[in-house]
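Notes to accompany the following structure.
The values are calculated or read from the model by the stated rules, or taken from the named source; none is laboratory data. Here the structure is a predicted model, which means the values were calculated and not measured. Cβ atoms come from the backbone with ideal geometry, glycine included; neighbour counts cover every protein chain shown. The protein model used for the area step is the full one, side chains on, heavy atoms only, and it has no ligands, DNA or RNA in it. Shrake-Rupley method; radii C 1.70, N 1.55, O 1.52, S 1.80 Å.
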Amino acid sequence: MSSKQKPMRYGHTEGHTDVCFDDTGSCIVTCGSDGDVRIWENLDDDDPKSINVGEKAYSCALKNGRLITAVSNNTVQIHTFPEGAPDGILTRFTMPVNHVTFSPDGTKVAAGSSDFMIKVVEVADSSKQKTFRGHDAPVLSLSFDPKDVYLASASCDGSVRVWSIADQTCTTSWLLLQKCNDVINAKSICRLAWQPGSGKLLAVPVDKVVELFRRETWDSQFDLSDASITQPLNVVVWSPCGQFLAAGSVDGNLVVWNVETQQCIERMKHEKKYSICGLAWHPKYKQIAYTDNEGNLGLLENIGDVEKPNDKVASAVAKDYNDLFDGDDDDYLNGDAIEPPSSPKTGDNEDDADDLMQPPGHVRRAVIDDDDDNSLDIGLIKASSGLLEKEDDGDDQTGGFSALPPSSTQQPFYDGPMPTPRQKPFQSGSTPVHLMHRFMVWNSVGIIRCYNDEQDNAIDVEFHDTSVHHATHLPNSLGHTMADLSTEAILLACESTEELASKLHCIHFGSWDANKEWTVDMPKDEEIEAICLGQGWAACATSDLLVRVFTVGGVQKEIFSLLGPVVSMAGHGEQLMVVYHRGTGFDGDQCLGVQLMELGMKKRQILHGDPLSLTRKSYLVWVGFSAEGTPCYVDSEGAVRMLNRGLGNTWIPVCNTREHCKGKYDHYWVVGIHENPQQLRCIPCKGARFPPTLPRPAVAILPFKLPYCQVETEKGQMEEQYWRSVLFHSHMDYLSKNGYEFDENAKNQAVKEQQELLMKLFALSCKLERESRCVELADLMTHSVLNLAIKYASRSRRLNLAQLLSEVAVEKASELAAAQEDEEEEEDFRKHSSAGSSATKRGQLPGRNVQQDQEVEDDEETDACEEAEETPEVHEEKEPNCFSKGVTSAEVTTPKPAALVASSSRGRVNPFKVSSSKKDPVVPSGNVLDSMTKYSKKTSLSGSRAADKQNPPVIKPLTPKPKTKQTSAASFFQPRTPATNPGEKTVEEREEKAGNESQEAKVTAQENTENRRPKTGFQMWLEENRANILTDNPDLNEAEVIKEGMSRFRMLTSEERMVWTEKARGGRVSDSAEDKKRKRPPAEEDEVKKSQEQKSEDTNVSKKSKPLDPSTNNKLSAFAFKQS
């Protein structure tokens, strides 16, 4: 058996569903408990026509262009087909009608109701009706005799009756069914059926068998049964030829018998075992449409076909053509398929190959020239022989050209790829135009609905934010079919008619004058096909391949030509994006191009008609911008793509909505995209591509996910998160470059998040001993995080890696120094030519970041070991070892580059930089660029002043400062001579520390507070005993003096130390406040105080005395010795 069961489609809401074909079999008609009748061109039709006939539809029948439905208001209604226009009520009952059916000639309709009545009504004149009384319970089903003599009925009273139509009497009756009091309680709906043509047999589903009764004698001829049937049968239906009989059961089994042989030829199981309640046999082909009591529609094809070996070629050819014309595409695009005359029409099935084949041994000729009957199409023979050769590989084939594909007698045969019908223009966020109630647009500003029915033809506009504008109701006398909505205007457009031109209508509700509306007529024979709104402008694309731009007040502006017919367009701010057909696609693919333009002061084209990437065999369904202004689009396979400006304006897939769909025919209808927060806003549509207007659809939010490999692993997950963060925050660079405002805090947070992910990846790579990968990650890091990575590497005893990273740091610093010099020159030039306000505005951003970092780190400070927060989160188990004193002192013994490692990786070394008056201008200033890599050194100074809460940021003195700090990369780690101005030195010290890693930031914060605090007990003791120390050890430098002082101070008794502490406290005003700020636990007070006193004394004394600089190695040795 070669039958083919297609996946079921969601058709109606849960409940009883009925199905039938039209007279020619060109479409399937279903009705369901949602009260809708749907007309499907085929099973893959994503946009079936829908006719609402009532609250619930129990049964439907179709013949001669008349659609009959049994509706829950106890009536039988008529609608025209396929238009769906109401054509009156055929008859009424006192209870719901359970089944309706046409007579064979289509002139009469029989209806059976729950009020025990059966009526036969003339379609042409509903006053002519006959009533059949005799059943004692609701009528379940009816069937006309093909000869129009008898009518068979089944009822809940357990009886099956045969009525004579002429005299309205019961001819015979059998008690076959289980009795019940209502249809809902019946075990089976017992849809019986007469054999077509002769009417010789009446088939009745009785429990798990089909009983066949002979006409006139009314004897039971035989039963049809099968082992696969384990539950009662619900419905039977005959094939149009009367040779086959199909039956569906309440547990989803579908069985087909050959009635002559009484053998089962097909068995099919419902994929979810739902009860089959509707069956219809195609009038021409061997296929059965079936529905279940959950509202789904299915199709079983090629029933009873057994392929013969020499049928392979024709079957393969027919299948190839069917594949070329994918019903999905044709239905949705409304395009006319370009078919070779020999190919089956869209929707035809492979079982039709029988009709196309010739008997074996007969050579079918393709005649090219009418005058020469002997001519053969060489291409046809080659193609056919090629096909045969392919088939011969697996199976010996005899007979030569025994089954050539059918060909026209007028044209040569073509078997190449077929062109794809072009997608028609559409408005993003709109539903199909033919619907009576539809969305004209749904975007991030609001919703425009259109109502076009017998009562009203109007447009409703609703805003998500009512502060923009109140909801509006507009008449639609011109028949507008396109709309767009922005925060300042409503744009509408209509097609032309015989009398009127195509019009563009704008309602500029943001206007300050009284006249808010304007209309523009297009030239004759020029149709508007797409429209969009931007900030201060509107645009429309027309059938003449033109894009016309207007101001939002109605002034005509630029006009430019498109390179092909428009598909859709979108606007945001100054940006205009147009998608058009740049050529003809093949094999189901669309061939689209995209233009992206900026219509601001500097008009320029960003994308010059570049090809638009779509999933294979898909088409465009949405095109627009994110709320932040990044171009995006969605295709019919659910792939959402976004413009990656950071990679040369390429497109990157950021989400696949199909991954979130539960069913095969479910879709998500996109209404908006947000980059911060990362949200894809869309409406879930069950069994459809778009939502209905009522009830109001609920918006769902889907997450973004870049298609990186192995995202289930920790590494892949962090890589995806990092690059997604980079992509979704790149719009901030675009906004700042174009002079727009943006959230600086969000930018800082994004950079922080990205650097945290890099540090986690770095730690993971260290753990896996992938040191080369660590260096690659270092290229992506900012200066402060790179310093942290150096520290982590050295404390993980990976000194070779630390050395390589330090070289990377030097290179980065060199590049930054060069870039900053260039930027300084540009800023000086701007300053001479303008106020330079933009540089000042940019310079404030990192300052806030530094201030936040310092405040956060002040809060996090909990003990004397100040580096605990700086290690990556990934390797928590390594942290205690990394911070052990042994490791710290061991670092000092590394070769020359280790000096860099030690100096850059220790927070504790910071005070000694100050004491030696050493200036490291390049590294620290580069560290400020942790947050914003492209800002000048004004940033560092403003950042440090922002961090110092007593000194508010003063913009004016900032300009000369960076000049004094510009140095070459060669002096990166060289000692500098002390500065002469202590005040200036203090500012520079703050700069260094604000830019360095978090450790140094903490110490800086402490120093800033020391400058405005009374001295500690240790400071007072050291001042009094400094002379004694220097007398005993005249060769000591400043660091060694402090070290010696610390050791002597510790040798004092606790009472003596307490006396000095009390002396110092005596002068304090806000002792408790300072304790609170530092968050020192009382138990650690003494030890912490010593450490703080040492650092504070070091800082203050150095500012006063400024002795000669020691070498870097001396400082580091002293530091290591002190810690050990």
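How much of the accessible area of region 491-533, in percent, comes from carbon and sulfur atoms when a 1.4 Å probe is used? Here carbon and sulfur together make up 47 percent of the probe-accessible area. The distance between label points at Lys767 and Lys424 comes to 5.7 nm (points 7 Å beyond Cα on the Cα→Cβ vector). Each peptide in 534-546, 216-228 gets a packing score, the mean of other Cβ atoms within 10 Å over its residues, and the list from highest to lowest is 534-546, 216-228.
For Gly32, what is the net charge nearby, where nearby means another residue's Cβ is under 13 Å from its Cβ and Lys, Arg count +1, Asp, Glu -1?
-4
Quick check for me: using +1 on Lys/Arg Cβ and -1 on Asp/Glu Cβ, what's the dipole size of region 1-41 about its Cα centre, in debye to the nearest 20?
Dipole of region 1-41, to the nearest 20 debye: 300 debye.
For the listed peptides 679-687, 67-75, a ranking on the average number of other beta carbons within 10 Å per residue, highest first, reads 67-75, 679-687. Projecting each Cα onto the charge dipole of region 677-747 (Lys/Arg +1, Asp/Glu -1 at the beta carbon, about the Cα centre), which of Pro692, Asn738, Gln717 comes out farthest on the positive side? The residue sitting most towards the positive pole is Pro692. For a 23 Å ceiling on Cα separation, which of these pairs sit above it: Lys6/Lys705; Lys6/Lys269; Lys49/Lys272; Lys424/Lys503? Correct reply: Lys6/Lys705; Lys49/Lys272. For region 624-777, the square roots a ≥ b ≥ c of the C-alpha gyration tensor eigenvalues yield an a/c of 1.5 or more together with a/b not exceeding b/c, which makes the shape oblate.
Rolling a 1.4 Å probe across the protein heavy atoms gives region 700-747 an accessible surface of 55 Å² per residue. A straight chain from Lys128 to Gln710 at 0.36 nm per residue would run longer than the Cα-Cα distance by 202.3 nm.
Dipole size of region 449-549 about its Cα centre, with +1 on Lys/Arg Cβ and -1 on Asp/Glu Cβ: approximately 380 debye, rounded to the nearest 20. The packing ranking, built from the mean of other Cβ atoms within 10 Å per residue, places the peptides 261-268, 155-162 in the order 155-162, 261-268, highest first. Only the Cβ atoms of Lys and Arg (+1) and of Asp and Glu (-1) were treated as charged; on that basis the dipole of region 1-98 about its Cα centre amounts to roughly 320 debye. Within the accessible area of region 590-682, the carbon and sulfur atoms contribute 50%, probe 1.4 Å, all protein chains present.
Computed over protein heavy atoms with a 1.4 Å probe, the carbon and sulfur contribution to the accessible area of region 686-791 reaches 50%. What is the local net charge at Pro697, summed over the other residues whose Cβ is closer than 14 Å to its Cβ (Lys, Arg +1; Asp, Glu -1)? Once all neighbours under 14 Å are counted, the net charge is +4. Name the residues of region 599-633 whose amide N is less than 17 Å from a point 7 angstrom out from the Cα of Glu741 along the C-beta direction? Correct set: 628-629. Averaged over its residues, region 169-220 has an accessible area of 49 Å² per residue, based on protein heavy atoms and a 1.4 Å probe.
In the context of the full set of protein chains, region 432-566 has a per residue accessible area of 47 Å² (1.4 Å probe). With a Förster radius of 51 Å applied to the beta-carbon distance between Leu175 and Lys662, the computed FRET efficiency rounds to 0.65.
Pairs over the 21 Å Cα-Cα cut-off, from the set Lys286/Lys617; Lys56/Lys130; Lys557/Lys603; Lys63/Lys119; Lys760/Lys791: Lys286/Lys617; Lys56/Lys130.
If you plug the beta carbon distance of Lys284 and Val555 into 1/(1 + (r/R0)^6) with R0 = 56 Å, you get a FRET efficiency near 0.40.
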